[in-house]
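Taking it in order: structure first as structure tokens, then the write-up.
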Amino acid sequence: MWTVKVVSLGVVGLSLSLELLFWLFSRRRSERVTNKVLFFPSKVACVEHIFSPTLPHSHVCSLPHGVDTSFSRLLRYILSACSSLDLCLFSFSNMDLSRAVLLLHSRGVTIRVLTDKVYSAISGSQIGVLRKAGICVRCDVSAVHMHHKFAVVDGRMLITGSLNWTLTAVQSNMENIIITEEPDLVQPFVKEFCRLWGLNDSAQDLNSVTD
């Protein structure tokens, strides 16, 4: 009987230990993996310090300084790219987002942009600016609109939601963005981007089209 009690206590102890280890592992994993939600419209604030961290907050600008907004957080996530940035966007006319992409390009980050053929040519589109900077841009050539709005940072972080990369969407519309590093969510978007990119061969690169 004593032996049975000892064994039973050992089993209970082992079970509790395993549950504790599982809880600790889950907690540490959740602390490591980024899962954030941003809502728009975003407060209008100065973002110069994001592009130039050494710039004093007192520089000449009429907008509020040092304000943390949904847009400033979005910029930081995009600028966290170290090796690659894949963009699949319906409309891209926001100049600050364009500036962030150009800054990454100047740092040597590999950038690929897939966009809608019609909206790439509208007034104010930044697609031509990116192309002139030497960034590889392709238009979707299917008969339907390429209506995706997602970015993949370094193949490990997904940025997606309803937000078009336009000034109106950022400052005036009710929009949302999810930022996640969950592999089960990121990898399908990585595969879909590669699939769509492959459907448009090098002959469709906007870089090969003359003005």
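The values are calculated or read from the model by the stated rules, or taken from the named source; none is laboratory data. The structure displayed is predicted, hence computed values, not measured ones. Every residue, glycine as well, gets a Cβ built from its backbone with ideal geometry; the counts of neighbours run over all protein chains shown. Quick note on the areas: whole protein, heavy atoms, side chains included, nothing else; ligands and nucleic acids left out. Shrake-Rupley method; radii C 1.70, N 1.55, O 1.52, S 1.80 Å.
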Dipole of the stretch 108-149, Cα-centred, from +1 at each Lys and Arg C-beta and -1 at each Asp and Glu C-beta, to the nearest 20 debye? 120 debye
Please give the solvent-accessible surface of residue 39 in Å², to the nearest 10, using a probe radius of 1.4 Å with every protein chain present. 140 Å²
Please list, or write none, the lysines whose alpha carbon is within less than 26 Å of the alpha carbon of residue 149, excluding same-chain residues fewer than 8 places away. 36, 43, 117, 132, 191
